[in-house]
Each structure stands twice: as structure tokens, then as C-alpha cells.
Amino acid sequence: MSKKIIAAVAASALSMVSAFAAEMTCPLISKQELAKAMGTDTVMLAQAHAAGTCTWFVDEVNNLTVHTIKRPNTKEAAELYDAYITQAFAGYTDGVSHPKVGDKAFLGASVPDAPMKGVGMMILKADTVLSVTYYISSSDASKEALEGIKNVGSVAFSHLSKADQAFGACRWTPTAEIDKLLGKKGVTIHRLGDDQCIVYVQPGDGTLMVMGDDMVSESTLGNMLEDTKNRCKTQTVPYLGASAFAYYECEAPANPVMVVEMVGNGRHMSVTYQPNKRAATPKDLEAMKPLLQHIHQSL
């Protein structure tokens, strides 16, 4: 898998973080649309993000995720689609079909004796990949489940324009500060909703991820610091607030990165920095200072 595809997977991981808003809604499919598609009234939204990721419980015990990944161009999107089919969806070999939706699509289920039963659908459209994964508690992936996921994919595809993703700019990562930290060549900025960004360098592997949420208070951040001390080197960062801290040189596999946690005006921000082709050191915290100050002042 190319570094660009790895970066896309990293972005998709970021977008799984839920806003947990009081009136949480999925931009890709509503509760009523999902219930109709799956032929059941028992659906509950567990997570949703404006970038186009939603996780649902269906019939209380089955887990369904709809996920959008936008790429900078159609070539990278096609590469990502193919990588998902050959890797993440490699076990979906039963009942395979290619529905006529988007530029191309895949629908399949796990074999009856698979340890984890599931159904998956992928849709490629221009620079965007849509995936639907459904994990089932029953003994097999029935034809009804295949048809249901096909319906879900079609509905979500019709709402792709509602997924809030874009390339080129993010309010948390101004170009001037990114140029200082990562350089001016080969930098891609991917914004996911209003509270998440991923910035990465090609060629190379320098990566910066910014994530925001309303779930972590200053007291919670203090508890996080005490827990982190057991497995990482830590450093307080007073200019980002009394509770702000950074950690690095953690136990594997997270040892290459520098992570900075802060809270301002009730908003939690987490900034993760992976330098180009080396592990993070305390000197990187100083290099990140202008960017971190910008993020803190923007809260």
C-alpha cells in the first residue's frame, strides 16, 4: 500500500471520532432511511461525524458503519478503492456482485464459516470512496443482509455531497505555520468537518493530525496526564493552558509521534505530529510552538 493510501486510512481513522452532539445526526443516511433499507425499526445512531462517518446499531446487536473518504484526485481514489477491495474486503467472497452505482461498486459477504460474519459494500465515484460495513451476530450473512446493505449504500451514495471534506485549507493549520513545520513541497491538507485536519507530506512520511471534541475537560486532561506518565515521557505546556501537556517516546507502537493535548473555552484539541523519517523528540515541541499557539488562540 502506498504512503498516500496509508495517509488516507489515517484520515479515515480521524473521522471516526464522534462529535456526540446533543442532536447527533448522520449526514449520509437518516434513521428513517436506514430502518427502511434494512427492513427493521430497531436502529440507533451510536456515532456521527460531519465528514461522513456514521456508526449504527441495527437490531440492537449488529454494528453498521458508513464511511466516506475523499482523495485529492480520481487516481488516488481509485487506488484506495482497489486497496480496500484487495485488503480490508478480502474476506467478503460470498454472494459477490457489482451493483450499478457510482463509477464502480462491490458488494459481498463473509463465507458461512468465517469467525466474524459481515457484509461489505464499496462505491467509487470520482475522487470519493464510500464504504459500508455490517457485522452480524447471526451464523451467516443472509441474502436479506446483502440486499439491505445494497440499499444502504445506494441511499448513502445519494447523500455524498453532504459529507464535509475538502482539500487545500484548514483553519487549525494555517499554511504559514505548516510550511515552517513540514516544508513547502508536497504538502497536502485534508479537512474533515470543522474540527479535524490531517496534513501530510509526499514524498516522505511527515504527518500532522489535529482533532477537536467537546468531551474532555481540564480535570479529565489532568487524569490523562497521570495515566500517560506510565508509558511515555511527558512535558507540561503552560502557554497552552494550565492543563496542557505533551507526550512522546511512548511504548511501541506509538513511540515515533509527539502528541499535544490542550483544552480552551470548553473545547479539547489533540495535535499529533510524526516527523519525516524519524521519531519525535523534545525539540519538535519547540518547532510546533507557533502552530500550537495558533490552535490555542483559535479556541
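The values are calculated or read from the model by the stated rules, or taken from the named source; none is laboratory data. Being a predicted model, the structure only gives us computed values, none of them experimental. Glycine gets a Cβ as well: all are built from the backbone with ideal geometry, and neighbour counts include every protein chain shown.
Structure notes:
- Residues in segment 170-195 that are touching a strand residue (DSSP E or B) at 6+ places or on another chain (Cβ under 9 Å) and over 17 Å from Gln293 (Cα atoms): Gly183, Lys185, Gly186, Val187, Thr188, Ile189, His190, Arg191, Leu192, Gly193, Asp194.
- Yes/no for Leu292 being crowded, with 17+ Cβ neighbours inside 10 Å, in contact with a Leu (Cβ under 9 Å, 6 or more places away or on another chain) and not in a strand (DSSP E or B): yes
- Residue count for segment 74-112, restricted to those that are modelled with pLDDT under 95 and either among the aromatic types (Phe, Trp, Tyr) or assigned to a loop (DSSP other than H, G, I, E, B) (or both): 9
Matching residues to (1) among the β-branched types (Val, Ile, Thr); (2) within 30 Å of Asp213 (Cα to Cα); (3) more than 20 Å from the chain's Cα centre (by Cα); (4) assigned by TED's automatic domain parsing to the domain that holds Tyr273:
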| site | (1), (2), (3), (4) |
| --- | --- |
| Gly108 | no, no, yes, no |
| Tyr135 | no, yes, no, no |
| Val155 | yes, yes, yes, no |
| Lys180 | no, yes, yes, yes |
| Lys184 | no, yes, yes, yes |
| Leu192 | no, yes, no, yes |
| Asp195 | no, yes, no, yes |
| Val201 | yes, yes, no, yes |
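- Cβ pairs under 7 Å, 6+ apart, first in segment 78-99 and within 20 Å of Pro115 (Cα to Cα), second assigned to a loop (DSSP other than H, G, I, E, B): Gly91/Ser110; Gly91/Ala114; Tyr92/Ser110; Thr93/Val111; Asp94/Ser110; Asp94/Val111; Asp94/Ala141
- Count of segment 78-112 residues which are over 22 Å from Ala126 (Cβ atoms) and hydrophobic (A, V, I, L, M, F, W, C): 4
- Residue in segment 172-182 that is within 27 Å of Ala90 (Cα to Cα) and either among the aromatic types (Phe, Trp, Tyr) or touching an Asp or Glu at 6+ places or on another chain (Cβ under 6 Å) (or both) present: no
- Summed over segment 157-178, the residues that are aliphatic (A, V, I, L, M) and within 17 Å of the chain's Cα centre (by Cα) give a count of 3.
- Some residue of segment 250-267 being more than 14 Å from Ile178 (Cβ to Cβ), surrounded by fewer than 21 Cβ atoms within 10 Å (Cβ to Cβ), at pLDDT 95 or above and not polar (S, T, N, Q): yes
- Yes/no for Ile198 being touching a residue at least 12 places away in the same chain (Cβ under 8 Å), out of contact with any Gly (no Cβ under 9 Å at 6 or more places or on another chain), more than 19 Å from Arg267 (Cα to Cα) and among the hydrophobic types (A, V, I, L, M, F, W, C): no
- Residue, farthest from the chain's Cα centre (by Cα), within segment 249-283, restricted to residues that are of a type in the set (Val, Ile, Thr) and closer than 24 Å to Gln297 by Cα: Val263
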